[in-house]
Structure formats: C-alpha cells, structure tokens
Amino acid sequence: MEGLANPAALLGALVGAAIGWVDYRIVSGLLVRKLRETNRSATPAEHQDYERRIVLAQRILMVVIVPAFAGLGYWLGRTLSGWGI
C-alpha cells in the first residue's frame, strides 16, 4: 500500500488536525486576552482597527498551527505504521 493514502497516516493527520485545533483555541485565547489588556485605543476608529488586527492574528495562527499539527500527525502515523517516509 504505497502512496499518500496510507490509512494510518490519514488517521494521524486527522488526529493531528484535531489536536492542532485545540492548541489553536488555547493559544488564540491567550493571545486575544493579552492583546485586549494592552489596548490603548483612544477613539472608536482605533479600537475597531485594533480588533481587526486581533482577528487577523487569529486567522494567521489558525492557518499556521492546524496544518502544522496535521502534517506532524500524518508523518507520525506514516512512520509508526511502518511505511516510512
């Protein structure tokens, strides 16, 4: 069973993505809380821009963390199943 569709690797990717999602939620929550504590916006426009940047940071985190954990899970699943790299 060669190729990318190794069941153990796909299961590892699924588990990795789930762990990545949990990690994203934890890190994102901590980041948002700390950023909101440091908010020094004087006007509503500045506050709105600050909130927009927080949402952008959350999206960047999600795009980086979840696929990284899925890739790590895929690699671990493939390696531990005996199919190698």
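The values are calculated or read from the model by the stated rules, or taken from the named source; none is laboratory data. Since this is a predicted model, take the numbers as computed values, not measurements. Heads up, the Cβs are rebuilt from the backbone with ideal geometry, glycines too, and the neighbour counts pull from every protein chain shown.
Brief remarks follow.
- Cβ pairs under 6 Å, 6+ apart, first in the stretch 33-61 and assigned to a helix (DSSP H, G or I), second exposed (fewer than 11 other Cβ atoms within 10 Å of the Cβ): none
- Yes/no for ARG40 being in contact with a helix residue (DSSP H, G or I) (Cβ under 9 Å, 6 or more places away or on another chain) and basic (Lys, Arg): yes
- Some residue of the stretch 6-26 being of a type in the set (Lys, Arg) and outside any helix (DSSP H, G or I): no
- Condition met for PRO67 (surrounded by fewer than 14 Cβ atoms within 10 Å (Cβ to Cβ) and either at pLDDT 95 or above or of a type in the set (Val, Ile, Thr) (or both)): no
- Against the criterion of being surrounded by fewer than 14 Cβ atoms within 10 Å (Cβ to Cβ), closer than 14 Å to PHE69 by Cβ, β-branched (Val, Ile, Thr) and modelled with pLDDT of 95 or more, VAL22 qualifies.
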